[in-house]
Amino acid sequence: MHYISYMAIRCFLLSMVAVMLFCASAWAQEAQKPNIVIIGTGGTIAGVGKSNANVSAYQSAVLPIDTLIKALPEITNIANIKMEQIFQMGSESFNNERLLKLTRRVSELLKSKEVDGVVITHGTDTMEETSYFLNLTIKSEKPVVLVGAMRPASALSADGPLNIYNAVIVVAHKDSAGKGTLIVMNDEIHAARDVTKTSSVKIETFRSLYGPLGTIVEGTPRYYRLPARPHTIQSEFDIDAIDTLPEVNVVYAHENMSRVPYDALVAAGTKAIIHMGVGNGSVADYITDALKEVRAKGVFVVRATRTGGGIVVRNGEINDDQNDYIVTDDQNPAKARILMALALTKTTNTKELQEIFWKY
Ligand code: DAS
C-alpha cells in the first residue's frame, strides 16, 4: 500500500513540476514578446459595405478596434496586445486638435516601460500628414507604425487584416526602432517623411518618392534604406512643448486663378499660406500682386508644387529673397502645411523658416 501511495505522490509532484515548467516557459515567452498598444482612429480599415462586393463604396469607421484585432488571433503570437479607441472617424476629419490629442496619447504611452511600440489604425486619406507630424514630434526611438486599408473590413480580399498583421510584425521587430514613424501598407514599409497617397482606390496607393524603406516577407521585415532627414529624437520639435498649432492653409493653383482664396484666408487670420503652384511653385502674373499683399500683411507665403514630386527652386523664376517667400524642399503641400505649422512654433524669421524646410 505504501508503495502505491508513494508512486501516486511522486506522479503528482512530477506533474506539478511539468505544469510549473510549462507555465514558466509560457510566461518567459510572454515576457519575451513585446508589449504593443494598437490605437484605433477609424477609416476604411474599420469600414463596412452593404455587400462583400463593395470594395470602394462603404461606410468608413464602423467597426471598433477590438473587433478588428479579435479577428486576428495570430498577432498574439507576435506581441502582447492592448487596444485603445481614440476616435472613430474618416481621416478626412482630422484637424489640429485631434492630431494633437492622438500624438499626446502616443507620446504618453511610449514613455511607459510597459510599452514597446504603438500601432495606429488610421484612414488612408490623411495618414501621410498624421505620420509626418508624429515623425517630427514624438521623442522616442520606439517604433510607431500607422496602418490602414483601401478596402473595407467587409470586402472580398480586404487588405486590412494582413496590413494590421504586418504592422504588428514591423512594430514588434528590433530593426524597426529608431527609423522614425512608419507606414505599413500592401507589404511595404514606408518612411512617414517620404510617403504619399497616390490613388483614391488602388491597393498600392501609398508610394514614397524614393521608394519604401523595406518590405515584409513571410512575417519578417526587411529594410534596405534608412531615412536621411532628422526625425523623432533628432528633431527640434517636441509634442510636449506644443500647446496649439498655428493656422496654416493651402491654396491650389490652376489656370484662371482667383485671388479670393488668398484674401479670404488672410482675413480669417491664417499665419501662412502654402501656394500649391503649378510646376516649380509658379505664380500667375495676375496673382503676383495678391501674393505680395499677403506677405505685406504679415502672412508667410510658402511656394510648393502641385506636381506630386520634386523640389521648388528658390530664386528660380521668382525672386523669393525680394518677396520674402519660402520654398519647399520636396515636401508635398499637405506635409508643407504640417512642417510650416511646426516651424512657426519655433521662429518667425524667414531665413530660419527656410532652413527648416531644407532640414526636415
Ligand atoms: N475615408 C477614408 C479615410 O478615412 C477612407 C480610408 O481610410 O481610406 O481616410
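The values are calculated or read from the model by the stated rules, or taken from the named source; none is laboratory data. Note that the structure is predicted; figures quoted are calculated from it, not measured. Methodologically, a virtual Cβ is constructed for each residue, glycine included, from the backbone with ideal geometry; neighbour enumeration extends over all protein chains shown. Remember, those area values only see protein heavy atoms, side chains included, never the ligands or the DNA or RNA. Shrake-Rupley method; radii C 1.70, N 1.55, O 1.52, S 1.80 Å.
Things worth noting here:
- Remark: accessible surface ordering of I81, I36 (largest first) is I81, I36, probe radius 1.4 Å.
- Relative contact order computed over the range 291-348 (Cα-Cα under 8 Å; 6+ residues apart), in percent: 33
- Taking 19 Å as the cut-off, the amide N atoms of the range 326-350 that come nearer than this to a point 7 Å along the Cα-to-beta-carbon line of D240 belong to 346.
- Cα-based helix-to-principal-axis angle, 160-172 vs the chain, degrees rounded to 10: 80
- Bridges between two residues of the chain, per DSSP, are antiparallel at a rate of about 35%.
- Note: relative contact order over the range 83-226, using C-alpha pairs below 8 Å and six or more positions apart, is 19 percent.
- Solvent-accessible surface (1.4 Å probe) assigned to E188 amounts to roughly 60 Å².
- With semi-axes defined as the square roots of five times the eigenvalues of the C-alpha gyration tensor, the equivalent ellipsoid of the chain measures 48, 21, 17 Å, largest first.
- Ranked by how many other beta carbons lie within 10 Å on average, peptides 51-60, 159-168, 277-286 from highest: 159-168, 277-286, 51-60
- Length gained on full extension, L209 to Y223, computed as 0.36 nm times the residue gap minus the Cα-Cα distance: 3.4 nm.
- Restraint check, K33/K174; K174/K202; K142/K202; K101/K297; K82/K142; K33/K70, Cα-Cα greater than 21 Å: K174/K202; K142/K202; K101/K297
- Shown are K346, K179, whose ranking by accessible area with a 1.4 Å probe and every protein chain present, most to least, is K346, K179.
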